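Down below is the structure, laid out as structure tokens.
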Amino acid sequence: MTYKILDRTYRFFYDNFLSELPEGLAISLGRGLLRLPIECLPVFEADDPELRTSLSGCELPNPVILAACYHQPWIIRKASKMGFGAVTLKVTKNPRKGPRPNMVRRGEGFVNCVGFENAGMEKTREFLKDYRGVPIILNITGDSIDEYCEVIEGLQDYADMVELNISCPNIEKGLYFSENPRHAKELFKESVNLSKKPLIVKLSRGENREIISNALDSGIRIVNYANTLPVKEKGLPTGFGGLSGPELYEDTILNVKRIRKEFGGYLQIIATGGIDSGEKGYRAKESGASAISYITGFITRGPFLAREINEYLLSRK
Ligand SMILES: Cc1cc2nc3c(=O)[nH]c(=O)nc-3n(C[C@H](O)[C@H](O)[C@H](O)COP(=O)(O)O)c2cc1C
């Protein structure tokens, strides 16, 4: 019950205050709120055997995942105590910086050009060595197959799953492997040869038939549908970015159903894009997803959304 009051308070605060402020200020304030020790509140637990989920052998306490976006250790540590079944951490071989501003609102979602801003693999290893919490998924991106492989080799001992991001629409060449399925297949094969952990391919929006076939042929059993949608955006220094949020939801459902129908039960699907309520999470699972993930909902609906989705899933069992 208490979590519902806190949940409504956050939503009121977001809808009436944060969402009215300039994006930069709203993000700083939102992060300020997140710094409060809210993870200590006894409201996040969703520990029910019926929620347990296995992704290619990796056991999650529930099927709700924090999608790729964050690289900051303190946010990942916090999120890992907020009712998620797993959290995703993004990383590249070397540290990277991105442009500013990197996010503007569009409708109830955002267009971002964050790119792969992160501290790089060496710093990330230091954090991962001390990490204790729900399973952690490494979301890896690289400019070449070698770069992906170096990060897998360097960090896999400290993570539970590895997600190959081949679908970033907001930087130049971010979609290279998605648009070149033959090269993607080489990446998949090399990654499977190296990886001791289950692999996930993070897909771009759209049809992806050849990419998924190549992933399956290489031995990968999990895909994540999907990344943000490429759009033009004058408010960003790049002039373009990736759209996230509720506008993506119907596309997510349509494609999860299509992938499930075309590839059968052999493949596990993580549904991502526009999930911001228990009902939407449930529908994604009913459409064929083994797990669901979100980012925009974490910002717009707040830290109690994972709990809400898990409760809803349980209520429909
Ligand atoms: C600010 C921001 C940064 C993101 N960074 C990454 C990333 O590094 N790697 C990745 O695979 N996806 C990234 N994404 C995409 C999300 O993981 C997710 O696929 C997408 O936002 C759709 O889900 P949503 O509607 O719940 O936000 C990012 C999204 C946002 C909004």
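Worth a mention:
- Sum of -39500 (n - 2.57) over DSSP H runs of 4+, divided by residues of the chain (222 nm, nearest 500): -11500 deg cm²/dmol
- DSSP beta bridges confined to the chain are antiparallel in about 35 percent of cases.
- Look at 132, 316 and count the other Cβ atoms within 10 Å of each Cβ; fewest to most, that gives 132, 316.
- Label reach from residue 21 (point 7 Å along Cα→C-beta): in the range 91-134, amide nitrogens under 15 Å belong to 105.
- Members of 129/261; 78/185; 81/234; 232/261; 90/257 lying beyond 29 Å, as alpha-carbon distances in this model show: 129/261; 78/185; 81/234; 232/261
- Euclidean distance of C-alpha centroids, the range 259-317 and the range 1-66, integer Å: 15 Å
- Annotation for the range 176-238: trypsin sites (Lys or Arg not before Pro) lying in DSSP loop with at most 10 further Cβ atoms inside 10 Å of their Cβ are 196, 234.
- Note on the range 163-314: dipole from Cβ charges, positive end direction compared against 254, 229, 242; the farthest Cα belongs to 254.
- Relative contact order of the chain, defined on C-alpha pairs under 8 angstrom at six or more residues apart (%): 19 percent
- Point-charge dipole on Cβ atoms (K/R +1, D/E -1) for the chain, about Cα centre, debye to 20: 300 debye
- Hydrodynamic analysis of the range 110-160 uses the Kirkwood radius over alpha carbon pairs. Inserted into Stokes-Einstein at 20 °C and 1.002 mPa s, it gives a translational diffusion coefficient of 176 µm²/s.
- Cα-based convex hull, the chain, per residue volume (Å³, whole number): 118 Å³
Laboratory data are not the source of any read-out in this text; all were calculated from the coordinates shown. Since the model is a prediction, treat every value here as computed from it, not as a measurement. Positions of Cβ are generated from backbone atoms using ideal geometry, with glycine treated the same way; all protein chains shown enter the neighbour counts.
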